[in-house]
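Encoded as structure tokens, the structure appears first; notes follow it.
Throughout, read-outs are computed from the coordinates displayed, never taken from laboratory work. As the structure is a prediction and not an experimental result, all values here were calculated from the model. When we count neighbours, we look across all protein chains shown, and the Cβ atoms used for this are built from the backbone with ideal geometry, even at glycine.
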Amino acid sequence: MSLFRKIFGSKSNQSDDELKSEERGKYMPEIKLPIDERFTINFKANGGKFLYCENLNEIFQNLQNILEENDWENKTALVVDEHLISKFKNFNFKASNKVSEASFFLTTCENLIANDGSLLISSKQIFEKKLPDLPENFVVFATTSQIVENIGEGLRGIKAKNKQKIPTNITTIKHFKSSQEKDFLSYGSSAKNLYLLLLEDL
């Protein structure tokens with residue numbers, strides 16, 4: 001069994017025997033983990049907090065737990081997506097479009113990138129704002145159907161969905177650790193304390 005499967009467990013039904021690399025010929029191609037597992041492993045390695053939810057009730061419960069854990073109840077959230085304001089209207093936080101007032105940013109994303117565990121976002125989520133100008137704390141609502149293999153696939157999807165007007169300000173969020181924990185590879189990027197509420201929709 002691979003190290004990652006021992007640590008994180010697996011939703012796959014493959015038996016241990018199928019996964020033992022020593023029983024495969026040395027020239028056989030490596031067994032590739034399913035796309036959702038790869039995203040989860042890479043996202044957690046980047047320092048993100050991952051909450052898998054099977055339905056909207058679990059999304060609501062986990063969001064309530066996040067608010068309580070961080071003392072964000074009755075605080076202001078930056079929310080620029082009208083659908084999110086309506087979806088989470090019964091929660092104890094104030095929705096605002098002013099960055100300066102916000103304790104956290106509640107948003108969606110374009111895609112979840114499996115091969116590096118990053119989140120692809122655009123002007124649909126952040127308008128023309130730069131990542132360093134947004135709150136340090138992010139709560140991202142996404143679905144399993146948004147997981148794609150790589151950034152190229154995500155960009156093609158954005159182009160296909162928005163034929164009339166392609167969004168601008170397309171970027172990725174990849175580092176979810178405090179600046180003390182960052183290494184030289186993340187130099188110049190904006191680290192965010194990020195919670196991902198992932199809804200199963202496949």
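Observations on the structure shown:
- Only the Cβ atoms of Lys and Arg (+1) and of Asp and Glu (-1) were treated as charged; on that basis the dipole of the range 58-151 about its Cα centre amounts to roughly 340 debye.
- Extending 7 Å from Cα along the Cβ direction at ARG156 and again at TYR27 yields two label points whose distance is 3.1 nm.
- Difference of contour (0.36 nm per residue) and Cα-Cα distance, ASP71 to GLU200: 43.7 nm
- A simple spin-label model places the labels of GLU82 and GLU136 3.4 nm from each other, with each point 7 Å out along Cα-to-Cβ.
- Sequence-distant residues sharing a close amide H with LYS177 (under 5 Å, placed H): LYS192
- Placing +1 on the Cβ of every Lys and Arg and -1 on the Cβ of every Asp and Glu, with no other charges, gives the range 43-92 a dipole of roughly 120 debye about its Cα centre.
- SER96-LYS163 FRET efficiency (beta carbon distance; Förster radius 41 Å; 0.05 resolution): 0.80
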